[in-house]
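Trainee: Starting off with a structure, shown below.
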């Protein structure tokens, strides 16, 4: 049966290849030759039309008469691309034809004298072969429908196909005569075996034959049942393992003995920046020396525990284990967030300690002086005032820290109401007016007519304004601080503009960080805690808004708070 099948397939393949070759090659060559012949004929006709088109000739009449003589469509196009005559159109239809200046054959004729093109006609809808010749008055074009050529080629193709079908029938007859002696049971068992080998474990032999053939059918049936059960169990186990590995926050990589990565979960791909589908060579992983060394050691049978590696701006803890059958498993724990939190915690503790150290030192020093030296009354009053002012400073710092902690922890949620912007600004100006008056600073209010109210938490708006205006007054030596509002397409903007010393460009991205100061010494002398802008940022973001600082050194600073328009 195998020999018969090979003969059958071979005969059919040879005949099919020959038929395809003849149909594809011969028909294409025949078509091209017919097109070339037709194009040569059309070129001669186009040149005749071009010679007869003179300034005294009516273009449409000339096109109609020569179209009848040649039996082809004749078109006359002037130098501007307008159709002056066409054997297939006349009168109103001719006037409605679109400009032909951009047609490929027209462009080629103007450039080289003769142009050819084969395409669908926009005016007729069928495919045509165009040949155009340049004339002093424009371009003369002759066209013919390609249907005739296609019918000749189609007829030749049909003849070849008929011959191929006859040959195929003869080959099938010979193959059938050769293979009729092959037994049916062997054919069926062979088909079932091939299906099982290809993965179709649902196929079963259906024959019941005596002797060895029947025993072979029974053994094949039992083998298929066992393979199907084991494969189902393996697929279920593999799906479970894949789900477990992919759900881990820890990155997992499996590398076989050929140093190919055969499994990589989503966490490992994200951490290492892997985009390739498995399997792929382990050389495509990060070039980090710690990772390379751990992988080499694991493939050599040695484990690696708790090795820290750095990939870009991320930090990971690496563990590598060799596999008993060869290969290795690497586990990566992303420590980036932990390290970042540690840095934030250290900075926070250092900043708070630094902020509290100065007032505590002042309070302790003056308190000891009052207790031990008993200074005169005027000096004692100064010491008491210094103790009070530093205690107030510490109280403000603690209050700001508590506010910031409450906002960041999510325990505080805004209570939106309709807030009168002018009233909120007025309360802020009233509370800060003494400090501004002491520095001869004018507080100017500029509320736009279309930005008089916002929907936001009223206490938050007042706290935002107070922090911004206090900050502006603190950093302004003279002039006026402007508190303004304006309407944008989908938001209301409230801002504070001051003519202070300005902020250098490199500091602008960090001014909303906790305890960040452009000039630390000057800010502390002015009484700032370094938390005001951080509180503003968190309050605004809790409303779904944005805060932006714009500044030019030596000119001033503008801090704008953008509240999205909301409905109660």
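The values are calculated or read from the model by the stated rules, or taken from the named source; none is laboratory data. What you see is a predicted model, and the numbers here were worked out from it, not measured in a lab. Glycine also receives a Cβ, built like all others from the backbone with ideal geometry; neighbour counts cover every protein chain displayed.
Trainee: Can you tell me which of 47, 2 is out of contact with any strand residue (DSSP E or B) (no Cβ under 8 Å at 6 or more places or on another chain) and either modelled with pLDDT under 80 or under 19 Å from residue 136 (Cα atoms) (or both)? Step through it out loud before you land on a result.
Mentor: Values: 47 fails: out of contact with any strand residue (DSSP E or B) (no Cβ under 8 Å at 6 or more places or on another chain).
None of the other options fit; the residue is 2.
Trainee: Can you tell me how many residues within segment 543-559 are farther than 10 Å from residue 511 by Cβ and over 28 Å from the mean Cα position of the chain (by Cα)?
Mentor: Counting residues in segment 543-559 that are farther than 10 Å from residue 511 by Cβ and over 28 Å from the mean Cα position of the chain (by Cα) gives 8.
Trainee: Which of the residues spanning segment 413-426 are over 19 Å from residue 535 (Cα atoms) and touching a residue at least 12 places away in the same chain (Cβ under 8 Å)?
Mentor: So in segment 413-426, the residues over 19 Å from residue 535 (Cα atoms) come out as 417-423, 426.
Answer for segment 413-426, where residues must be over 19 Å from residue 535 (Cα atoms) and touching a residue at least 12 places away in the same chain (Cβ under 8 Å): 417, 418, 419, 420, 421, 422, 426.
Trainee: Would you be able to say whether some residue in segment 26-38 is touching a strand residue (DSSP E or B) at 6+ places or on another chain (Cβ under 7 Å) and either assigned to a loop (DSSP other than H, G, I, E, B) or modelled with pLDDT of 85 or more (or both)?
Mentor: We begin by selecting, within segment 26-38, every residue touching a strand residue (DSSP E or B) at 6+ places or on another chain (Cβ under 7 Å); these are 35, 38.
Right, trim to either assigned to a loop (DSSP other than H, G, I, E, B) or modelled with pLDDT of 85 or more (or both) and you get none.
Checked segment 26-38: no residue is touching a strand residue (DSSP E or B) at 6+ places or on another chain (Cβ under 7 Å) and either assigned to a loop (DSSP other than H, G, I, E, B) or modelled with pLDDT of 85 or more (or both).
Trainee: Being within 15 Å of residue 142 (Cα to Cα) and in the same structural domain as residue 131 (by TED's automatic domain parsing) narrows it down to one of 91, 71, so name that one. Step through it out loud before you land on a result.
Mentor: Details: 91 fails: within 15 Å of residue 142 (Cα to Cα).
Only one candidate passes the filter, namely 71.
Trainee: For residue 166, are the conditions met, namely being at pLDDT 75 or above, part of a strand (DSSP E or B) and surrounded by 11 or more Cβ atoms within 10 Å (Cβ to Cβ)?
Mentor: No, not satisfied.
Trainee: Report the residue count in segment 290-306 for those that are more than 33 Å from the chain's Cα centre (by Cα) and under 10 Å from residue 330 (Cβ atoms). First the steps, then the outcome.
Mentor: So in segment 290-306, the residues more than 33 Å from the chain's Cα centre (by Cα) come out as 293-294, 296-306.
From the residues that got through so far, the ones that are under 10 Å from residue 330 (Cβ atoms) too are 294, 298, 304.
Qualifying residue count for the region: 3.
Trainee: Something else: Would you tally the residues in segment 449-478 being part of a strand (DSSP E or B) and surrounded by 22 or more Cβ atoms within 10 Å (Cβ to Cβ)? Please lay out each step first, then the result.
Mentor: To start, the set of residues in segment 449-478 that are part of a strand (DSSP E or B) comprises 453-457.
Of the ones still in play, those that are also surrounded by 22 or more Cβ atoms within 10 Å (Cβ to Cβ) are 454, 456.
Residues in segment 449-478 being part of a strand (DSSP E or B) and surrounded by 22 or more Cβ atoms within 10 Å (Cβ to Cβ): 2 in total.
Trainee: Taking residue 204, is it at pLDDT 70 or above and under 49 Å from the mean Cα position of the chain (by Cα)?
Mentor: Values: at pLDDT 70 or above: no; under 49 Å from the mean Cα position of the chain (by Cα): yes.
For residue 204, the condition - at pLDDT 70 or above and under 49 Å from the mean Cα position of the chain (by Cα) - is not met.
Trainee: Now, a different point. Scan (1) assigned to a helix (DSSP H, G or I); (2) surrounded by fewer than 19 Cβ atoms within 10 Å (Cβ to Cβ); (3) touching a strand residue (DSSP E or B) at 6+ places or on another chain (Cβ under 7 Å) for the single condition residue 507 breaks and write down its number.
Mentor: (3)
Trainee: For residue 493, which of the numbered conditions (1) surrounded by 20 or more Cβ atoms within 10 Å (Cβ to Cβ); (2) at pLDDT 80 or above; (3) closer than 26 Å to residue 478 by Cα fails to hold?
Mentor: The failed condition is (1).
Here's the yes/no breakdown for (1) surrounded by fewer than 22 Cβ atoms within 10 Å (Cβ to Cβ); (2) more than 17 Å from residue 49 (Cβ to Cβ):
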residue	(1), (2)
67	yes, no
76	no, no
83	no, no
90	yes, no
101	yes, yes
111	yes, yes
130	no, no
138	no, no
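Trainee: Which condition from (1) outside the structural domain of residue 197 (by TED's automatic domain parsing); (2) over 26 Å from the mean Cα position of the chain (by Cα) is the one that residue 313 breaks?
Mentor: Condition (2) is where residue 313 drops out.
Trainee: It is to be established whether one or more residues within segment 210-228 are at pLDDT below 70, part of a loop (DSSP other than H, G, I, E, B) and surrounded by 12 or more Cβ atoms within 10 Å (Cβ to Cβ).
Mentor: The answer is no, given that none of the residues of segment 210-228 is at pLDDT below 70, part of a loop (DSSP other than H, G, I, E, B) and surrounded by 12 or more Cβ atoms within 10 Å (Cβ to Cβ).
Trainee: Follow-up question, since we're still on this one. Mind listing whichever residues of segment 458-481 are over 13 Å from residue 428 (Cβ atoms) and touching a strand residue (DSSP E or B) at 6+ places or on another chain (Cβ under 6 Å)?
Mentor: 476, 480
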